[in-house]
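Below is one structure, written out as structure tokens; comments come after it.
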Amino acid sequence: MRITKLGHACVRLEVDGAVVVVDPGAFTPEADATDGATAVLLTHEHPDHWSVDHLRRTDAPVHTIRAVADAVVAAAPDLAERLRVVEPGQQLDVGVPVTVVGEKHAVIHPELPHFDNSGYLLDLDGTTVFHPGDALTVPDVRPDVLLLPVSAPWLKLSECIDYAREVGAPRNLAIHDAVYSEVGHQVAGSMLDRFLGARDQAYTRLEPGTDA
């Protein structure tokens with residue numbers, strides 16, 4: 001099994017010939033992020049989580065919620081036939097088993113629209129990995145790996161810590177990390193190491209393009 005962290009919220013997950021790419025968006029500078037993908041999963045409609053250019057680099061099916069499917073069709077009608085609309089709680093087979101988890105994006109501000117969002121719980125040959133998208137949804141089962149959002153307009157560090165502790169994953173890999181400066185990441189990493197380490201939970205921030 002291989003987990004490759006790409007720019008911002010994008011992750012490639014590879015096992016037994018399956019290559020699943022989650023949230024290749026406008027903050028994902030790697031042009032080849034979706035090359036070789038056998039499936040693409042999109043959590044929600046914000047542009048840092050999907051882009052037409054990344055979707056056009058692959059002919060793989062794209063699994064996502066209705067709001068994102070509508071946005072993709074509006075921007076790129078040629079991609080319509082590859083879209084597969086998912087629902088909360090749905091079980092998928094994208095080369096690996098996937099469960100669709102959650103319904104709503106975290107609240108950015110009460111006066112802004114409350115967007116839909118679905119996370120994905122993937123089983124990679126017995127190792128479960130959860131990508132929550134832009135939400136603090138706790139799955140029904142404790143995953144082995146949490147792809148942990150660490151910086152966002154809708155998130156403060158104490159919430160990030162408490163979310164990781166509530167999910168309880170032994171391994172926590174940073175995603176959604178383009179907002180902080182390097183100094184900010186040092187502060188966040190120090191705090192996450194302190195609070196998660198006390199519970200025997202590990203926190204790691206991978207450099208883009210590196211594997212876990």
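Enumerate the residues in region 191-212 having an amide nitrogen under 14 Å from the point lying 7 Å beyond the Cα of Glu182 toward its Cβ.
Label zone hits: 207-208.
Is it possible to state the helix-based mean residue ellipticity at 222 nm for the chain, with each DSSP H run of 4+ residues giving -39500 (n - 2.57), the sum divided by total residues, to the nearest 500 deg cm²/dmol? What is it? The partial results should precede the final answer.
Working: 4 runs with 42 residues, N = 212.
Taken over the chain, the calculation gives -6000 deg cm²/dmol.
How many percent of the alpha carbon pairs in region 108-212 exceed a separation of 20 Å?
37 percent
Can you give the Kirkwood hydrodynamic radius for region 156-212, in Å, rounded to one decimal and based on Cα pairs? Please report the intermediate quantities before stating the final value.
Numbers: mean 1/r = 0.0857 Å⁻¹.
Its Kirkwood hydrodynamic radius stands at 11.7 Å.
Heavy-atom accessible area per residue, region 86-212, 1.4 Å probe: how many Å²?
Accessible area per residue, region 86-212: 48 Å².
Provide the FRET efficiency to the nearest 0.05 for the Lys104-Ala74 pair, computing r from the beta carbons and using R0 = 35 Å. Don't skip to the answer; put the middle values down first.
Numbers: r = 22 Å, r/R0 = 0.62.
Approximately 0.95, to the nearest 0.05.
Residue by residue, what Karplus-based ³J(HN,Hα) values in Hz, rounded to whole numbers, does region 26-43 have, using 6.51, -1.76 and 1.60 with θ = phi - 60° and x for Gly and Pro?
Ordered by residue, 3J(HN,Hα) equals 5, 8, 9, x, 5, 4, 9, 4, 9, 4, x, 5, 9, 7, 10, 10, 10, 8 Hz.
How many percent of the accessible area of the chain is carbon or sulfur, using a 1.4 Å probe? Walk me through the numbers before you get to the answer.
On the way: 4630 of 9290 Å².
Percent of accessible area from carbon and sulfur atoms in the chain: 50.
Report, largest value first, the span of the C-alpha coordinates of region 46-116 along each principal axis, in whole Å.
Per principal axis, max minus min of the Cα coordinates gives 38, 28, 16 Å.
I'd like to compare 159-172, 133-146: which one has the highest average count of other Cβ atoms within 10 Å, and what's the full order after that?
Details: 159-172: 17.9, 133-146: 19.5.
Top to bottom by mean Cβ count within 10 Å: 133-146, 159-172.
For Gln91 and Asp16 in the same chain, what is the full-extension length gain: residue separation times 0.36 nm, less their Cα-Cα distance, in nm?
Numbers: separation 75, 0.36 × 75 = 27.00 nm, distance 1.95 nm.
Roughly 25.1 nm would be gained on extension.
What value in Å³ per residue do you get for the convex hull of the alpha-carbon atoms in region 52-166? Don't jump to the answer; show the numbers that get you there.
Numbers: hull volume 14.1 nm³, N = 115.
Considering the Cα atoms of region 52-166, their hull volume per residue is 123 Å³.
The values are calculated or read from the model by the stated rules, or taken from the named source; none is laboratory data. Keep in mind the model is a prediction, meaning the values are calculated, not measured. Every residue, glycine as well, gets a Cβ built from its backbone with ideal geometry; the counts of neighbours run over all protein chains shown. For accessibility, only protein heavy atoms count, side chains too; no ligands or nucleic acids. Shrake-Rupley method; radii C 1.70, N 1.55, O 1.52, S 1.80 Å.
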